[in-house]
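Read-outs throughout are calculated quantities, based only on the coordinates presented, and are distinct from any laboratory measurement. Model, not experiment: these values are computed from the prediction. Glycine also receives a Cβ, built like all others from the backbone with ideal geometry; neighbour counts cover every protein chain displayed.
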Amino acid sequence: MVRGARKFLALGVAAAVVYSIKEQLNFVPGPRHAAPVAAAAAASMMMAPAAFADEIGDASKKLGDASYNFAKEVDWNNGIFLQAPGKFQPLKALKAIDKMIEMGAAADPKLLKAAAEAHHKAIGSISGPNGVTSRADWDEVNAALGRVVASVPKAKVMAVYDAVKDITDPKVPAYMKSLVNGPDAEKAYQGFLEFKDVVAKNQVTAASAPAVVPSGDKIGAAAKQLSDASYPFIKDIDWLPDIYLKPLPGKTAPETLKAIDKMIVMGAKMDGNLLKAAAEAHHKAIGSVDSKGVTSAADYEAVNAALGRLVASVPKETVMDVYNSMAKIVDPTVTNNMFSKVNPLDAVAAAKGFYTFKDVAQASQR
């Protein structure tokens, strides 16, 4: 399976938990676990019509009144959000992730960027043992997410809902509700239903046009060279075990969140059209994934080209912030363990190809 798509698996699991709790009157969107979503799909808020902005913004404040007590009760640092919400079924979960990617690709890039920036700000105000953000930032995140959802046709939103429902064990909602105050959870959910109605009232009926995909550029040519050098390595990898959902050894959720925050900042600076193009490339690549979780060589190449262009649309220092923050939280034993699971010659060839590709992307960087 394409590497970028595989990284979305943990996100899919978190979304499944989100669905299941909502189903049992126990969840509203939160800045902490929406963060991976904003990292994978971020992009500067448009000047929306006043009625649109005010209506969803005002509704988010009412949602905050109904849900913030509940938000303070949730242990956002709990590792349970990294677990599968039922039987571990990676290929089936990937179908749900694909629906999320489709929804992200259909969303307004400027509103995605605004949502990413709201999450970045919210991470900055996190405090207390449960890792909850401030009330003001809670409201802003909910408003930003509501606007993103309103920029996507209802059918695509419901496709995500249905796909996540399909991978969620029916016992999960009751368990999650048992971890918080029941009446507060029910009040939060009722507030969410009212908020949902306001978002639906402002929802678009048609998806935006597909991305304009560059062609004939140096990054595209370099992506072919990288893909030729690394595809054998990709086929060596076992994409289906649950190791990709395991927390990084020796690191707490707050420590990991600092690295996620850097990803969100990077995502918010990406070119909106290129971000949509990368999402569309991942969607196509998921369509060619085989029973071992590996996408086709052509789709793998297209994803590499799309990601290279994305990185080139972001200042180097922002990219390096992500690299350095990840280096701080990934123990060398992790890389050694992953290296031991593949053909070392294929891994070295892939690394060499990546370094060459990195140089080409950097030469095109703004």
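Assorted remarks:
- Within-9-Å neighbourhood charge of residue 99 [Cβ basis; K, R +1; D, E -1]: -1
- By the rule of a C-alpha distance below 17 Å, with chain neighbours fewer than 8 residues away ignored, the lysines paired with residue 165 are 22, 87, 92, 95, 99, 154, 156, 177.
- Long-range amide H partners of residue 152 with built H, under 5 Å: 204
- The distance linking the stretch 148-174 with the stretch 60-81 is 19 Å (Cα centroid to Cα centroid, whole angstrom).
- Residues of type lysines that residue 258 reaches as a straight line, Cα spacing below 23 Å, ignoring anything fewer than 8 places off in the same chain: 7, 72, 113, 121, 246, 269, 316, 328
- Between residue 335 and residue 243, the modelled label-to-label distance comes to 1.6 nm, taking each label 7 Å out from Cα in the direction of the beta carbon.
- Those aspartates and glutamates that a straight Cα-Cα span of less than 13 Å connects to residue 218, excepting residues fewer than 8 apart in one chain: 359
- Global geometry of the stretch 218-363, whether rounded, prolate or oblate, following the gyration tensor of its Cα atoms and the 1.5 cut on a/c: rounded
- Alpha-carbon centroid distance for the pair the stretch 240-258 / the stretch 274-331, whole angstrom: 20
- Shape of the stretch 82-172, Cα gyration tensor, a/c cut at 1.5: oblate
- Rounded, prolate or oblate (a/c below 1.5 giving rounded, otherwise prolate when a/b exceeds b/c) for the stretch 172-229 by Cα gyration tensor: oblate
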